[in-house]
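The values are calculated or read from the model by the stated rules, or taken from the named source; none is laboratory data. Keep in mind that this is a model prediction, so the values were computed, not measured. Neighbour counts are summed over all protein chains in view; Cβ atoms, including those assigned to glycine, are modelled from backbone coordinates with ideal geometry.
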Amino acid sequence: MKHIWSILCQKSIIDQDTNQISLINSLEQLNLPKNFFGKTFLMEIHLISYFFTDKVAQEDELEQTVAILDPQGNKLKELNSPIKMNKNSNKFRLRTIFDGINLTIPGVYKFTMSVKQGNSRIADSEVPLEIKIQE
């Protein structure tokens with residue numbers, strides 16, 4: 001299993017007929033007023049990840065862990081969820097939706113993602129989101 005890419009965006013839409021995904025407003029940096037820090041910033045943030053394997057997977061259970069780290073490395077939120085790999089599937093996409101983020105200080109926040117199969121890590125990724133004070 002290989003992690004191909006991950007991206008943060010404000011919204012994502014999955015077409016039910018084709019299973020294709022549209023990513024709306026990719027997020028790399030936010031400029032926010034100083035009074036937003038020390039509070040929860042309510043905004044949907046979607047973390048989308050795409051994985052691929054050369055081998056056709058048998059039906060399998062994986063586990064995903066996603067965490068948000070502030071610029072000092074403090075864990076602000078962590079989500080764990082099972083992933084069911086379908087038989088004869090060689091790719092899958094994960095979509096994790098956060099309803100907000102606790103802003104501690106300006107800087108680079110990291111969205112980390114890890115996928116495990118049993119006790120073995122099979123994929124890791126980290127996506128930065130820089131949050132600056134608006135001037």
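Which one is farthest from MET43 (Cα to Cα), of the residues in segment 103-135 that are among the hydroxyl-bearing types (Ser, Thr, Tyr) and assigned to a strand (DSSP E or B)?
First, pick out the residues of segment 103-135 that are among the hydroxyl-bearing types (Ser, Thr, Tyr): 104, 109, 112, 114, 120, 125.
Filter once more, so that each one left must be assigned to a strand (DSSP E or B): 109, 112, 114, 120, 125.
Numbers: TYR109: 15, THR112: 18, SER114: 23, SER120: 33, SER125: 22 Å.
Taking the candidates together, the pick is SER120.
Sort out which residues of segment 1-24 are of a type in the set (S, T, N, Q) and surrounded by 11 or more Cβ atoms within 10 Å (Cβ to Cβ), and write them in order of number.
First pass over segment 1-24, keeping only residues of a type in the set (S, T, N, Q): 6, 10, 12, 16, 18-20, 22.
The answer is SER6, GLN10, SER12.
Please state which of the following conditions SER120 fails to meet, knowing it meets all the rest: (1) loosely packed, with under 15 Cβ neighbours inside 10 Å; (2) touching a strand residue (DSSP E or B) at 6+ places or on another chain (Cβ under 6 Å); (3) not aliphatic (A, V, I, L, M).
Failed condition: (2).
For segment 19-44, name all the residues that are at pLDDT 95 or above and on the phi > 0 side of the Ramachandran plot.
ASN25
Scanning segment 86-117 for residues that are β-branched (Val, Ile, Thr), in contact (Cβ under 8 Å) with a residue 40 or more places away in the chain and under 23 Å from PHE37 (Cα atoms), which turns out surrounded by the most Cβ atoms within 10 Å (Cβ to Cβ)? Show your work before the answer.
Just the residues of segment 86-117 that are β-branched (Val, Ile, Thr), to begin with: 96-97, 101, 104-105, 108, 112, 115.
Still in the running and in contact (Cβ under 8 Å) with a residue 40 or more places away in the chain: 96-97, 101, 104-105, 112, 115.
Add one more test, that the residue is under 23 Å from PHE37 (Cα atoms), and what stays is 97, 101, 104-105, 112.
On the way: ILE97: 12, ILE101: 20, THR104: 16, ILE105: 13, THR112: 17.
The residue in question is ILE101.
Filter segment 26-73 down to the residues that are surrounded by 14 or more Cβ atoms within 10 Å (Cβ to Cβ), within 20 Å of LYS110 (Cβ to Cβ) and over 19 Å from the mean Cα position of the chain (by Cα) and list them by number.
Residues satisfying the conditions are LEU32, PHE36, PHE37.
Run down LYS34, LYS2, LYS11 and say which single residue is under 22 Å from SER120 (Cα atoms) and either in contact with a strand residue (DSSP E or B) (Cβ under 8 Å, 6 or more places away or on another chain) or β-branched (Val, Ile, Thr) (or both).
Values: LYS34 fails: under 22 Å from SER120 (Cα atoms); LYS11 fails: under 22 Å from SER120 (Cα atoms).
Just one listed residue meets the conditions, LYS2.
Starting from residues that are buried (at least 17 other Cβ atoms within 10 Å of the Cβ) and over 16 Å from SER26 (Cα atoms), keep the ones in segment 123-135 and report whichever is modelled with the highest pLDDT.
SER125
Going through ILE83, ILE105 one at a time, which residue ends up being β-branched (Val, Ile, Thr) and over 15 Å from the mean Cα position of the chain (by Cα)? Give the derivation first.
Numbers: ILE83 fails: over 15 Å from the mean Cα position of the chain (by Cα).
Residue meeting the stated conditions: ILE105.
Can you report the number of residues in segment 52-89 which are part of a strand (DSSP E or B), over 13 Å from MET1 (Cβ atoms), out of contact with any Lys or Arg (no Cβ under 7 Å at 6 or more places or on another chain) and of a type outside the set (Asp, Glu)?
Summing the residues that are part of a strand (DSSP E or B), over 13 Å from MET1 (Cβ atoms), out of contact with any Lys or Arg (no Cβ under 7 Å at 6 or more places or on another chain) and of a type outside the set (Asp, Glu) in segment 52-89 gives 10.
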